[in-house]
1. Could you check region 182-196 and list, in sequence order, the residues that are open to solvent by 10 Å² or more (accessible area, probe 1.4 Å), on the phi < 0 side of the Ramachandran plot and part of a loop (DSSP other than H, G, I, E, B)?
2. Hey, can you tell me all the residues within region 67-86 that are more than 15 Å from ligand 2 (Cβ to nearest atom) and either hydrophobic (A, V, I, L, M, F, W, C) or more than 23 Å from Leu197 (Cα to Cα) (or both)?
3. With the checklist (1) within 16 Å of ligand 1 (Cβ to nearest atom); (2) closer than 14 Å to Met376 by Cα in hand, flag the one item Thr294 doesn't pass.
4. Which one of Phe225, Phe251 is modelled with pLDDT of 95 or more and either within 16 Å of ligand 2 (Cβ to nearest atom) or assigned by TED's automatic domain parsing to the domain that holds Glu365 (or both)?
5. Please indicate, with yes or no, whether at least one residue in region 166-181 is touching a helix residue (DSSP H, G or I) at 6+ places or on another chain (Cβ under 6 Å), crowded, with 18+ Cβ neighbours inside 10 Å and part of a loop (DSSP other than H, G, I, E, B).
6. Hey, any hits in region 35-42 for a residue that's within 28 Å of Tyr265 (Cβ to Cβ), under 20 Å from the mean Cα position of the chain (by Cα) and either crowded, with 19+ Cβ neighbours inside 10 Å or within 16 Å of ligand 2 (Cβ to nearest atom) (or both)?
7. Looking at Thr88, Thr81, Thr71, which is the one that is away from ligand 1 (no atom under 16 Å from the Cβ) and either in the same structural domain as Val43 (by TED's automatic domain parsing) or in contact (Cβ under 8 Å) with a residue 12 or more places away in the chain (or both)?
8. Looking only at region 264-280, count how many residues are farther than 14 Å from Ala311 by Cβ and open to solvent by less than 40 Å² (accessible area, probe 1.4 Å).
Amino acid sequence: MTQLTSAPSRGAQRNAHDADAAEPAVQIRQLNKHFRRRDGSTVPAIDGASLDIQDGEFIVLLGPSGCGKTTLLRSVAGLETPDSGSITVRGKAVFDSGTGANLGADRRGLSMVFQSYALWPHMTAAQNVRYPLENQKGARQGRAVMNQRVAEALEAVGIGDLGGQYPNQLSGGQQQRVALARALVNNSKVVLFDEPLSNVDAKVRESLRIELLAMQRRFGFTALFVTHDQAEAMELATRIAVLDRGKVQQFGTPDEIYARPATEYVAKFIGNTNELSGRRADGGYETPLGLVRTPQDVGERATVLFRPEHAQLSRERPEAASALAGQVVAVLFMGTHTEFLVRSGETRMRIWVSGRSTDFAEGDEVWVGLQEPDVMVFPRQDHDGQPEGDD
Ligand code: ADP
Ligand code: MG
């Protein structure tokens, strides 16, 4: 076994951040980066972002297009210079606006996999993978050693027989495997991924995701992975950082983010939600459909959210903490679940029952039951995303 395959196996490490791990793999502190647009306006691409990433974690940066994911990743890589803040990689300050430290990308000890694969078209798969070894600073290896490591890297990503092919002779999924082999060949301890699966078709994406996780565990690298796809984030991440306009809205495990979203933005971005407007009342919030009971108090006016899979449908008024009346206006069988569209006045709710359910039909009068822990309330936002009446 060579260096490539002898890295310690780290296991899933879902709780890596709980252990008192020694040194964070990557530490981002109060990072800021503005871009100036052509019209002279400035965009805060990164706005005071701080993250502590432990060794062996699989971190996903999640958010819609334009929220700053790529800029943050490129800042860690050394391809973008932040305005202020600091970045430490495995104990080494690679950027610090305070001291002026700013290491070049090739001296940060990390690898990056791009959405576009970024393979050299005039080089074979094997030559592409060998490229970082040939251009390595410091101890350069002999040709035989390099070739051996290239062969092992290609083997590790499942394309051991395709080393002689040129990129245009490979499928998208195979090209991305070449890019991954190139990222692993250096034995980097931190690997950055910028939406690497978004250009391959759905089936290949599924299997690449699973293989990527297996490889991460086998090689033991720390992954910092950017995506706008919440399902992908849930599947891959030990922890997810949800970004909104350059700000980290929440940094937590997929479970935490799903069950206890810190903000309305996070609640709506992860999973599906039904929304009611509420006014503070005795025991909860009064909505157009009746009282929704909750011990939470977020102010006079609230947005009340609950997930389609957390409500129960019944014909009789349920015992549940809250009961909202409505009428079934559509029934959709989705394969894994049945979606009942329930309407009451202007309000429409989606309620999911697992599997195929024929318990209710279009036109039925029904009750929607909600348990207290499944109700999420947030201060009512105005159109600027600011809490109303806050200033
Ligand atoms: P994401 O990867 O989440 O889609 P980006 O990091 O690419 O977001 O962009 C964040 C914001 O910064 C966007 O508003 C984008 O338009 C802007 N931006 C990114 N790069 C530049 C640039 N080189 N010049 C001007 N604006 C930029
Ligand atoms: Mg991007």
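The values are calculated or read from the model by the stated rules, or taken from the named source; none is laboratory data. None of these values were measured; they are calculated from a predicted model. Here Cβ is always computed from backbone atoms with ideal geometry, including for glycine, and neighbour counts include all displayed protein chains. These area figures cover heavy atoms from the full protein model, side chains too; ligands, DNA and RNA do not enter into them. Shrake-Rupley method; radii C 1.70, N 1.55, O 1.52, S 1.80 Å.
1. Asn186, Ser188, Lys189
2. In the first step, residues of region 67-86 are kept if they are more than 15 Å from ligand 2 (Cβ to nearest atom); the result is 78, 81-86.
Passing the criteria: Thr81, Pro82, Asp83, Ser84, Gly85, Ser86.
3. (1) is the only condition that Thr294 fails.
4. Numbers: Phe251 fails: either within 16 Å of ligand 2 (Cβ to nearest atom) or assigned by TED's automatic domain parsing to the domain that holds Glu365 (or both).
Matching residue, one of Phe225, Phe251: Phe225.
5. Within region 166-181, the subset touching a helix residue (DSSP H, G or I) at 6+ places or on another chain (Cβ under 6 Å) is 167, 173, 175, 178, 181.
Keeping just the survivors that are crowded, with 18+ Cβ neighbours inside 10 Å gives 167, 173, 175, 178, 181.
Right, trim to part of a loop (DSSP other than H, G, I, E, B) and you get none.
No, that holds for no residue.
6. Scanning region 35-42, I find no residue that is within 28 Å of Tyr265 (Cβ to Cβ), under 20 Å from the mean Cα position of the chain (by Cα) and either crowded, with 19+ Cβ neighbours inside 10 Å or within 16 Å of ligand 2 (Cβ to nearest atom) (or both), so the answer is no.
7. Numbers: Thr81 fails: away from ligand 1 (no atom under 16 Å from the Cβ); Thr71 fails: away from ligand 1 (no atom under 16 Å from the Cβ).
After ruling out the rest, the residue left standing is Thr88.
8. Going residue by residue through region 264-280, those that are farther than 14 Å from Ala311 by Cβ are 264-270, 277-280.
Next, only the ones that are open to solvent by less than 40 Å² (accessible area, probe 1.4 Å) stay: 264, 266-267, 270, 278.
Residues in region 264-280 being farther than 14 Å from Ala311 by Cβ and open to solvent by less than 40 Å² (accessible area, probe 1.4 Å): 5 in total.
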